[in-house]
Amino acid sequence: MNILIKNGVIVSAIDEYRADILIEDEKIVAIGTGLDNRADKIIDATGKYILPGGVDEHVHYGSFGSMTFETSDAAIVGGTTTIVDFAPQQKGLSIKESVKLHNETLAKGVSAADYSFHCVVTDPSDKIFEEIPTLAKEGISTLKFFMAYKGTPLMVDDSTIFKALQVAKDSGVTIMVHAENGDIVDTLQKQLVSEGKTDPKYHADARPPLVEVEATKRAIYLSRMADAPIFIVHVSCKEAMEAIRDANIQGTPVYGETCTHYLTLTEECLAKPNFEGAKYVCSPPLRKQEHLDSLWEAVNKGWLLAVGSDHCAVKGGFEKGKRKGMGDFSTIPNGCPGVQDRLALMWTYGVEKGRISRQRFVDLFATTPAKVVGLFPQKGQIAIGSDADIVIFDPDFKGVISVKNSLYGSDYNPFEGLEQIGRAEKVFLRGKLAAENGKFIGKLGEGRYIKAKPFGLCYENFKDANTKIQHKVIVE
Ligand code: DUC
Ligand code: ZN
Ligand code: ZN
């Protein structure tokens with residue numbers, strides 16, 4: 001069936017214009033006017049913006065103690081049609097085997113949204129470094145390494161990241177890092193707890209900005225030493241952002257994303273009474289207002305490339321999940337849900353507040369994340385030939401974010417009570433209407449595994465080890 005979305009204003013990462021969109025099966029086949037006679041069904045989008053379906057390149061389903069893909073309908077309802085999940089490497093298994101296992105046991109036949117995977121390397125043997133150059137042809141084009149979480153299999157040493165950078169660059173695999181100094185976090189956590197400082201608010205004291213800044217700068221040096229691109233996930237503070245910006249301007253192919261909670265919530269949330277601060281425990285932690293302001297400037301000016309959700313809805317929510325960490329903040333399960341609210345938060349607190357334009361919004365929400373992870377142009381834009389992942393966005397909707405409307409499978413929403421302007425009124429996943437007015441009307445399992453292509457955006461200006469060229473960063 002051919003569907004025509006008529007009379008809306010299409011917003012892209014660079015412009016906006018009034019035109020109609022013709023969808024045939026799963027693809028966009030025409031954009032223009034005079035297309036009515038090719039349509040079986042016409043949807044009037046007068047007064048609405050037409051946005052590409054969101055690409056959230058930072059979600060956790062079924063790892064970190066999180067809920068699994070059964071709750072991925074939250075993404076669709078919130079206007080995100082593609083999610084990129086962090087599949088953990090299993091001990092003794094290769095990267096490919098781990099991703100396959102994660103897909104077949106958790107995502108396949110369950111995900112409501114289209115999906116792809118990064119692999120989190122946790123068992124880095126020689127075999128893994130031999131495997132990295134072979135990943136791209138299997139559709140695995142991004143790997144994540146943790147510089148934190150000492151005492152768990154997650155944390156790797158510098159040599160591991162350095163070797164991964166060295167072997168990844170020839171095949172275009174993008175290395176991502178969680179940049180926090182795990183040794184210092186561990187030391188600070190132990191010191192604080194031994195002083196009786198066990199409440200959630202001490203989570204921020206154990207992971208101060210400098211812990212992130214040091215690791216970010218170290219990651220930048222590793223990238224320079226290996227002469228390979230690197231992507232820093234969930235940048236939460238001003239100085240880490242500036243380190244990325246400045247290194248990039250000087251020619252190091254370093255890039256980063258931030259996340260919705262770092263743009264909208266402050267560390268004061270961690271001090272909420274009755275242990276409620278635990279609801280906001282994620283790493284890096286929430287920061288002070290000055291950091292939020294600098295991150296908005298960074299996303300506006302292109303110093304950070306994308307805004308992910310770092311969606312990680314801890315199983316059991318607050319009462320049965322987060323409360324397990326009562327008596328010792330360092331044992332509170334990390335992570336907050338957010339995939340459903342990413343669009344609303346970026347629009348309300350970015351576009352509506354004049355911090356970013358509609359074009360920047362589209363770029364940060366869909367287009368650039370798709371490029372970073374190797375899913376563009378199939379995903380992340382409204383263009384002929386791209387998947388018909390489309391949001392009809394009502395800019396006049398007014399509401400309040402609440403757990404009551406959240407599909408997180410959690411008993412709380414960290415953004416509870418925040419004003420919301422605008423809503424994904426209709427969400428199409430590959431041409432099929434999957435959500436309407438905040439309700440999921442698709443089916444779990446309709447999401448498809450999309451293999452990622454190598455040489456994503458971080459490689460765009462990276463030619464070879466000896467060619468250092470200026471990267472595209474807008475500086476005032
Ligand atoms: N931090 C992470 O590094 N991963 C998942 C959740 C979180 O808060
Ligand atoms: Zn992380
Ligand atoms: Zn994460």
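The values are calculated or read from the model by the stated rules, or taken from the named source; none is laboratory data. Just so you know, these numbers come straight off a predicted model, no measurement behind them. Every residue, glycine as well, gets a Cβ built from its backbone with ideal geometry; the counts of neighbours run over all protein chains shown. Only protein heavy atoms, including side chains, enter the accessible area calculation; ligands, DNA and RNA are left aside. Shrake-Rupley method; radii C 1.70, N 1.55, O 1.52, S 1.80 Å.
Here are the numbers for the structure shown:
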quantity	calculated
Sulfur and carbon atoms: percent of accessible area, region 118-220 [1.4 Å]	53
Gain upon complete extension [LYS27, GLU97; 0.36 nm per residue less C-alpha separation]	22.1 nm
Accessible area, probe 1.4 Å, largest first, for residues PHE361, PHE440, PHE275	PHE440, PHE275, PHE361
Ranked order, ARG358, ARG245 - accessible area, probe 1.4 Å, largest first	ARG358, ARG245
Distance between modelled label sites at ASP328 and GLU138, nm, 7 Å Cα→Cβ extension	3.6
With all protein chains modelled, accessible area of ILE401 [1.4 Å, Å²]	10
Which listed pairs, of LYS96/LYS315; LYS96/LYS324; LYS6/LYS137; LYS201/LYS320; LYS91/LYS201, have C-alpha distances above 29 Å, in listed order	LYS96/LYS324; LYS6/LYS137; LYS91/LYS201
Charge-dipole axis of region 162-210 as Lys and Arg at +1 and Asp and Glu at -1 on Cβ define it, positive-most pick from PRO200, GLN166, LEU188	GLN166
Contour excess over end-to-end distance, with Cα ends at PHE129 and GLU268 and 0.36 nm allotted per residue	45.8 nm
Given charges at beta-carbon only (K, R positive; D, E negative), |dipole| of region 1-121 in Debye	180
LEU433-GLN359 FRET efficiency (beta carbon distance; Förster radius 22 Å; 0.05 resolution)	0.30
Solvent-accessible area, 1.4 Å probe, carbon plus sulfur percent, for region 306-418	50
Three-way shape label, region 90-193, alpha-carbon gyration tensor, a/c 1.5	oblate
In region 1-33, GluC sites (Glu not before Pro) in a DSSP loop with at most 16 other beta-carbon atoms within 10 Å	GLU26
Options VAL400, LEU286, ALA240, ranked by Cα towards positive dipole end of the chain, top entry (Cβ charges)	VAL400
Exposure of SER410 as accessible area (Å², to 10), given a probe of 1.4 Å and all protein chains	30
Cut-off 20 Å (backbone N to label point 7 Å along Cα→Cβ of GLU352), residues of region 374-405	391-405
Accessible area in square angstrom per residue, region 1-150, 1.4 angstrom probe	36
Distance (nanometres) between label positions extended 7 Å along Cα→Cβ at GLU319 and ILE249	5.2
Probe 1.4 Å - accessible area at TYR262, Å² to nearest ten	0
Electrostatic dipole magnitude of region 217-355 [Cβ: Lys, Arg +1; Asp, Glu -1; Cα centre; debye, to 20]	320
Computed label-point distance, nm, for sites LYS451 and GLU16 using a 7 Å Cα→Cβ extension	3.8
Solvent exposure of region 279-373 as accessible area per residue, Å², 1.4 Å probe	28
Cα-centred dipole magnitude for the chain, charges only on beta-carbon of K, R (+1) and D, E (-1), debye, nearest 20	300
Packing-based ranking, highest mean first, of 426-432, 402-408 given that Cβ atoms within 10 Å are counted	426-432, 402-408
Cβ-based charge dipole, region 325-476, positive-most Cα from GLY409, THR368, MET346	THR368
Order of exposure, largest accessible area first, which applies to LEU343, LEU210 with probe 1.4 Å	LEU210, LEU343
